[in-house]
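The values are calculated or read from the model by the stated rules, or taken from the named source; none is laboratory data. Just so it is clear, the structure is predicted and the values come from calculations on it, not from any experiment. Neighbour counts are summed over all protein chains in view; Cβ atoms, including those assigned to glycine, are modelled from backbone coordinates with ideal geometry.
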Amino acid sequence: MSAPTPSQTIGPFFGFALTPIDGDGDIRVEGQVLDGAGEPVSDALIEAWHGDRLARCRTDEEGAYHFSLAAAPVMNIILFARGLLRHLLTRMYMPGFEDDALRAVDESRRHTLVARADGAVLRFDIRLQGVDETVFFA
């Protein structure tokens, strides 16, 4: 039998090989990654992008993350975390913006994809399960 591949193992190993990339943009995004019990996920890796702009960061002990990226109405977000055999893909929408993809999501769950303005930053929490679970796309 061959050795397991990374998708067959359980981390944390994300921060070891991938360095953070701050997108040096004009929008700062802050949030927290939470598991189904509402506990912080302390070793997740998040990549956010739109067009050719990319930001990458890890979560800290409190599940918190932050990055900067150039303003765009929608940012794609991919999440890698301990216990996930495959990455999760979601989107973050700027407040007030809608497109066909957001309108296709059940109205009662759309708020999980929309960032909240919090002073000079946008707040976007990612919940893996439970109440207000973030919508993830295939």
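Structure values in brief
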item	result
Residues being more than 15 Å from LEU34 (Cα to Cα) and within 15 Å of the chain's Cα centre (by Cα) - total across segment 88-112	6
Residue match in segment 91-100 (condition: touching a helix residue (DSSP H, G or I) at 6+ places or on another chain (Cβ under 7 Å) and under 19 Å from GLN129 (Cα atoms))	yes
Test result for ALA64, surrounded by 14 or more Cβ atoms within 10 Å (Cβ to Cβ) and either at pLDDT below 95 or β-branched (Val, Ile, Thr) (or both)	no
Any chance ALA117 is in contact (Cβ under 8 Å) with a residue 12 or more places away in the chain and surrounded by fewer than 16 Cβ atoms within 10 Å (Cβ to Cβ)	yes
Which listed residue, of ARG91, ARG103, ARG82, is of a type in the set (D, E, K, R), at pLDDT 95 or above and either surrounded by 14 or more Cβ atoms within 10 Å (Cβ to Cβ) or part of a strand (DSSP E or B) (or both)	ARG91
Among (1) of a type in the set (S, T, N, Q); (2) modelled with pLDDT of 95 or more; (3) more than 17 Å from LEU122 (Cα to Cα), the one test that SER42 misses	(2)
Meets criteria (out of contact with any strand residue (DSSP E or B) (no Cβ under 9 Å at 6 or more places or on another chain), farther than 23 Å from ILE27 by Cα and either loosely packed, with under 15 Cβ neighbours inside 10 Å or not basic (Lys, Arg) (or both)) for LEU128	no
